[in-house]
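Q: Okay, handing you the structure first.
The values are calculated or read from the model by the stated rules, or taken from the named source; none is laboratory data. Because the structure is predicted, anything quoted here is derived from the model rather than measured. Here the Cβ positions follow ideal geometry from the backbone for every residue, glycine too, while neighbour counts run over all protein chains shown.
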Amino acid sequence: MRLFRKKLIHLLELSILVPTQEFGHIPIAEIADIIPTVGASMIRDENGFLTGYVYIDTSTSDIGGFVDNAKSLISSSVQLPQGYSLVWSGQYENMIRVKERMKFILPLTLFVIFLLIYLNR
């Protein structure tokens, strides 16, 4: 099928049949106009909401610093319409999750180390 996407004529020549209740199978060209358009390559959704992704690869700074700078820039210059949301995900989301986990684990580990040192005197 991917081969035929490049040439519309080949796609129309295909005998893609659509089942119907009354007429059996009919060619898709009889019920749909197939025209090339420019747009998203696929429709994605997350938690039931349509989603668009922007992939960023930073080589100038760490991901946390980049996202913090981008957040402040976007919040001051972009007004999102009602019903839209902006979520920073990927490595940044993982970094935030690890940072929250370390707030608990690191003090606990230090406490256990000092407790063991105290008990071994």
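Q: Give the stretch 1-17 a look and list any residue that's over 32 Å from the mean Cα position of the chain (by Cα) and at pLDDT 70 or above, or say none. If you could, list the steps in order and put the result at the bottom.
A: Filtering the stretch 1-17 down to residues over 32 Å from the mean Cα position of the chain (by Cα) leaves 9-10, 12-15, 17.
Answer for the stretch 1-17, where residues must be over 32 Å from the mean Cα position of the chain (by Cα) and at pLDDT 70 or above: just Leu17.
Q: Is the stretch 18-29 home to any residue that is small (Gly, Ala, Ser), surrounded by 10 or more Cβ atoms within 10 Å (Cβ to Cβ) and out of contact with any His (no Cβ under 7 Å at 6 or more places or on another chain)?
A: Filtering the stretch 18-29 down to residues small (Gly, Ala, Ser) leaves 24, 29.
Subsequent filtering for residues that are surrounded by 10 or more Cβ atoms within 10 Å (Cβ to Cβ) retains 29.
Then drop every residue that is not out of contact with any His (no Cβ under 7 Å at 6 or more places or on another chain), which leaves 29.
Within the stretch 18-29, one or more residues are small (Gly, Ala, Ser), surrounded by 10 or more Cβ atoms within 10 Å (Cβ to Cβ) and out of contact with any His (no Cβ under 7 Å at 6 or more places or on another chain).
Q: Can you tell me which of (1) touching a residue at least 24 places away in the same chain (Cβ under 8 Å); (2) more than 30 Å from Phe49 (Cα to Cα); (3) of a type outside the set (D, E, K, R) is the one Tyr118 doesn't meet?
A: Checking Tyr118 against (1) touching a residue at least 24 places away in the same chain (Cβ under 8 Å); (2) more than 30 Å from Phe49 (Cα to Cα); (3) of a type outside the set (D, E, K, R), the one that fails is (1).
Q: Next question. Of the numbered conditions (1) free of Cβ contacts under 8 Å to residues at least 24 places away in the same chain; (2) in a loop (DSSP other than H, G, I, E, B), Ile34 fails exactly one; give the number of that condition.
A: Failing condition for Ile34: (1).
Q: Further, regarding this structure: Can we say Ile35 is touching a helix residue (DSSP H, G or I) at 6+ places or on another chain (Cβ under 8 Å), at pLDDT below 80 and surrounded by fewer than 10 Cβ atoms within 10 Å (Cβ to Cβ)? It would help to see each step written out before you state the result.
A: Values: touching a helix residue (DSSP H, G or I) at 6+ places or on another chain (Cβ under 8 Å): yes; at pLDDT below 80: yes; surrounded by fewer than 10 Cβ atoms within 10 Å (Cβ to Cβ): yes.
Yes, satisfied.
Q: Looking only at the stretch 54-83, which residues are within 15 Å of the chain's Cα centre (by Cα) and loosely packed, with under 10 Cβ neighbours inside 10 Å?
A: From the stretch 54-83, those within 15 Å of the chain's Cα centre (by Cα) are 54-57; that's our starting set.
Result: Val54, Tyr55, Asp57.
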